[in-house]
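Colleague: One structure, as structure tokens, below. Some questions next.
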Amino acid sequence: GEASTGQAKEEEEEEEEEEEKEDVQGMKIMPHCIACHKKTIGKICGRCATLIKENLLDKARGAMLQPGKHNLVYCLICHKLKSEHEVHKPNCIPITSYDGDIVAWASGNENWSPIFSGIQSDRCWRPSIGRPFLLHKTEGIRCTMCFDLLTTDRLYGCFLSFCCVKCWARGTGTIDADHWVQQLLGIDFEDGTDGFCLSCRVGFHHQVDSGHEDHPYILIIPDGFGRRPRVQLPPDNELIHMWGGIKNQEDPAGESIEILIKDDSSLRCRKCRMRLLDGGGDSCSFECALSTPELRPRPLLIKQCVH
């Protein structure tokens, strides 16, 4: 009787635990910390998240500057950066310098690899060690309105303040509702509109609609589904001076300059707001992912995570 009662109680507790796991699936929550394997809500418990920040993120740059320290591992058991560590090898994250950035490598087969899920990686895949993930967010000049990364070149970037015409219009505070820029921003570019008449203040298809060819107009590159339309201007166009604080891209031949009009569809890093690649996840780096609610201690997570 007592044995059967105890068994029933254990089964009931297991069912409750399974229900709890199902309840939190929508928050992408795992039942155990990937580093210490203690029960928690989130990929990493609060204690391990703090240790990783102090011993990996805060020390990796300095460690990589030391002579001969170009290939390190970070042990999730000892929470230390080492040249090699055979004792806890399955729990060690490879850390290297790659294209000037400090990265962690993960193939997806490691028991700790889920801590890098949701972090974008546009770098190469290597069969032996997987794909590199940035440890730190990219430092550089950012848009003063949406915080997207403009450039890592601080000398050139000191002249830039905005990523696109939309942010420029918001940031300058001088564009009223009647200004032609507002008409430009209001266009739905999904229909392939590739021209904007400055006299009529309307978008048009410049190769089909000849009604605006005698008017001043600008060419537009609609970019596929019209998600990231760009203005294409000759280098001597006066608008380049007006939009001098907006990031631009010069044609390799030097025949034109492109300026992003707006981008309302790109995913953003949930921490630093940098634009991400399509399907790239929700964080740009491990630093930003470690700051997200799902990696915080349980009390903070329950209070702040709403799904």
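No value in this document is a laboratory result; all are computed from the given coordinates. Here the structure is a predicted model, which is why all the values come from computation and not from measurement. Every residue, glycine among them, receives a Cβ derived from its backbone with ideal geometry; neighbour counts consider all protein chains shown.
Colleague: Quickly rank 161-168, 202-209 as a protection proxy: mean count of other C-beta atoms within 10 Å, highest first. Please report the intermediate quantities before stating the final value.
Modeller: Numbers: 161-168: 23.0, 202-209: 15.9.
Ranked from most to least packed, the peptides come out as 161-168, 202-209.
Colleague: Further question on the same structure: Summing Lys, Arg as +1 and Asp, Glu as -1, what charge do residues with Cβ under 12 Å from the Cβ of His88 carry, His88 excluded? Display every interim value, and only then the final one.
Modeller: Details: positive: Lys80, Lys82, Lys89; negative: Glu84, Glu86.
Neighbour charge sum, excluding His88 itself: +1.
Colleague: Rank by packing, highest mean first: peptides 101-114, 118-131, with packing defined as the count of other Cβ atoms within 10 Å averaged across residues.
Modeller: 101-114, 118-131
Colleague: Taking the alpha-carbon centroid of each part, what is the distance from region 189-256 to region 96-148 in angstrom?
Modeller: Using only Cα atoms, the two centres lie 35 Å from each other.
Colleague: Holding the Cα-Cα limit at 21 Å, pick out from Lys166/Lys247; Lys53/Lys271; Lys38/Lys59; Lys39/Lys89; Lys43/Lys271; Lys39/Lys137 the pairs that are longer than that.
Modeller: Working: Lys166/Lys247 12 Å; Lys53/Lys271 15 Å; Lys38/Lys59 25 Å; Lys39/Lys89 23 Å; Lys43/Lys271 17 Å; Lys39/Lys137 29 Å.
Those over the limit are Lys38/Lys59; Lys39/Lys89; Lys39/Lys137.
Colleague: Here's a follow-up. If each of Asn55 and Arg123 carries a label point 7 Å out from its Cα toward its Cβ, how far apart are those two points in nm?
Modeller: 2.3 nm
Colleague: From the Cα trace of region 141-260, what convex hull volume per residue do you get, rounded to a whole Å³? Write down the numbers at each step before the final one.
Modeller: Working: hull volume 14.3 nm³, N = 120.
Looking at region 141-260, the number lands at 120 Å³ per residue.
Colleague: For Pro132, what charge total do you get from the other residues with a beta carbon under 13 Å from its beta carbon, if Lys and Arg give +1 and Asp and Glu give -1?
Modeller: On the way: positive: Arg123, Arg126, Arg131; negative: Asp99, Asp101, Asp122.
The answer is 0.
Colleague: Could I ask something else about it? Over region 23-174, what is the relative contact order in whole percent, taking alpha-carbon pairs under 8 Å and six or more residues apart?
Modeller: Values: 221 pairs, mean separation 19.1, N = 152.
Across region 23-174, relative contact order equals 13 percent.
Colleague: Run the simple label-point estimate for Arg273 and Glu86 please: 7 Å along Cα→C-beta, distance reported in nm.
Modeller: 5.1 nm
Colleague: Here's another thing I want to ask about it. Relative contact order of region 141-260: what whole-number percent is it, with Cα pairs under 8 angstrom and at least 6 residues apart? If you can, show how the numbers build up before the last one.
Modeller: Values: 201 pairs, mean separation 26.4, N = 120.
It rounds to 22 percent for region 141-260.
Colleague: Could I ask something else about it? Give me the net charge of Glu190's neighbourhood, meaning all other residues with Cβ under 11 Å from the Cβ of Glu190; Lys, Arg count +1, Asp, Glu -1. Show your work: numbers first, answer last.
Modeller: On the way: positive: Arg227; negative: Asp188, Asp191, Asp223.
Local net charge: -2.
Colleague: Sticking with this structure for a sec: Modelled label-to-label distance, Ser97 and Ser266, 7 Å Cα→beta-carbon offset: nm?
Modeller: Between Ser97 and Ser266, the label points sit 2.8 nm apart.
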